[in-house]
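Have a look at this one before I ask anything.
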Amino acid sequence: MITVHNLENSQSIRILWLLEELGVDYNIKQYYRDKETSFASDEYRKIHPVGWAPTITDGGVAMAETNAIVDYILDKHTDNSLRPKEGEQGREAYLYWFHATQGSLMPFLVWSLVLNRMDNGVPFFIKPIVKALTKKVRAQFVAPRTDKLLTHLNNCLLNNQWLAGDTFTAADIVMGYCLEGLDARAGEHHSYTHITRYMSDMRSRDAYKIAMKKNGAFNPILD
Ligand SMILES: N[C@@H](CCC(=O)N[C@@H](CS)C(=O)NCC(=O)O)C(=O)O
């Protein structure tokens with residue numbers, strides 16, 4: 001049986017959600033972050049050579065990396081519509097959003113977190129210089145690219161309930177975590193009305209509610 005090594009306030013929530021959508025049995029082992037650094041504990045680092053969350057174990061297999069885990073689980077559970085097959089409706093949109101979310105949107109959220117840490121974590125006498133620098137990186141790189149992706153997402157959601165069309169897929173699960181992160185940052189997506197509707201649909205899914213309940217308090221890390 002799969003064990004999800006569930007690090008608090010992390011991308012592990014997606015794996016709980018996926019398993020709840022599939023309705024399969026699994027175990028959860030709970031871990032906490034270091035209070036100062038917010039890094040995972042040494043115990044967590046021992047499960048897989050890289051030591052980031054999410055990580056799952058399944059028999060003798062230890063698997064990390066969100067989208068690899070999603071594919072690993074979906075390879076074992078094929079009787080569902082969470083990953084449209086080649087030739088099926090929504091396949092191209094699925095592929096795009098499954099990968100763009102984790103390969104493009106997520107890194108911009110991480111950029112944003114690192115820039116916030118730079119602003120807050122340097123000695124006062126170099127703060128003005130660091131802030132001028134981070135402001136420039138935000139304005140020239142992070143903000144316009146994040147906005148471009150969110151605008152595209154918002155436009156796609158105008159005529160589609162979910163990312164791949166009318167059917168909910170694993171791409172929505174991957175996107176959900178990013179949007180919770182944006183929402184926690186003072187509702188950064190709120191000017192995108194279709195994204196707001198989409199988030200509300202996502203949060204009203206039974207599997208999402210159960211995953212959140214099993215996960216416990218969820219506060220995305222912002223800085
Ligand atoms: N690309 C990786 C990123 C994993 C990652 O950065 N995980 C964070 C939690 S959201 C983590 O493990 N942070 C704690 C640490 O680095 O020790 C994935 O998609 O799984």
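The values are calculated or read from the model by the stated rules, or taken from the named source; none is laboratory data. Note that the coordinates shown come from a computational prediction; the quantities given were computed from them, not determined experimentally. Virtual Cβ from ideal backbone geometry, glycine too; neighbours counted across all protein chains shown.
Ala68 versus (1) within 12 Å of Asn6 (Cα to Cα); (2) surrounded by fewer than 15 Cβ atoms within 10 Å (Cβ to Cβ): which is the lone unmet condition?
So the condition that Ala68 fails would be (1).
Sticking with this structure for a sec: State all residues of segment 55-72 that are within 11 Å of the ligand (Cβ to nearest atom), among the small types (Gly, Ala, Ser) and either modelled with pLDDT under 95 or within 16 Å of Ala40 (Cα to Cα) (or both); if no residue qualifies, say none.
If the condition is that a residue be within 11 Å of the ligand (Cβ to nearest atom), among the small types (Gly, Ala, Ser) and either modelled with pLDDT under 95 or within 16 Å of Ala40 (Cα to Cα) (or both), then Ala64 is the only one that fits.
For Ala68, are the conditions met, namely being over 26 Å from Arg185 (Cβ atoms), aliphatic (A, V, I, L, M) and free of Cβ contacts under 8 Å to residues at least 12 places away in the same chain?
For Ala68, the condition - over 26 Å from Arg185 (Cβ atoms), aliphatic (A, V, I, L, M) and free of Cβ contacts under 8 Å to residues at least 12 places away in the same chain - is met.
On the basis of being within 16 Å of the ligand (Cβ to nearest atom) and either basic (Lys, Arg) or within 21 Å of Ala170 (Cβ to Cβ) (or both), does Ala40 make the cut?
Judged against the criteria, Ala40 is not a match.
Turning to a different aspect of this structure: Got a sec? Which of Asn160, Asn154 is among the polar types (S, T, N, Q), assigned to a loop (DSSP other than H, G, I, E, B) and either surrounded by 18 or more Cβ atoms within 10 Å (Cβ to Cβ) or touching an Asp or Glu at 6+ places or on another chain (Cβ under 9 Å) (or both)?
It is Asn160.
Now for a separate question. Name the single residue, out of those in segment 11-31 being within 11 Å of the ligand (Cβ to nearest atom) and free of Cβ contacts under 8 Å to residues at least 60 places away in the same chain, that is nearest to Ala217 (Cα to Cα).
Tyr31
Next up: Would you pick out the residues in segment 174-194 that are under 15 Å from the mean Cα position of the chain (by Cα) and part of a helix (DSSP H, G or I)?
Scanning segment 174-194 gives Val174, Met175, Gly176, Tyr177, Cys178, Leu179, Glu180, Gly181, Leu182, Asp183, Ala184.
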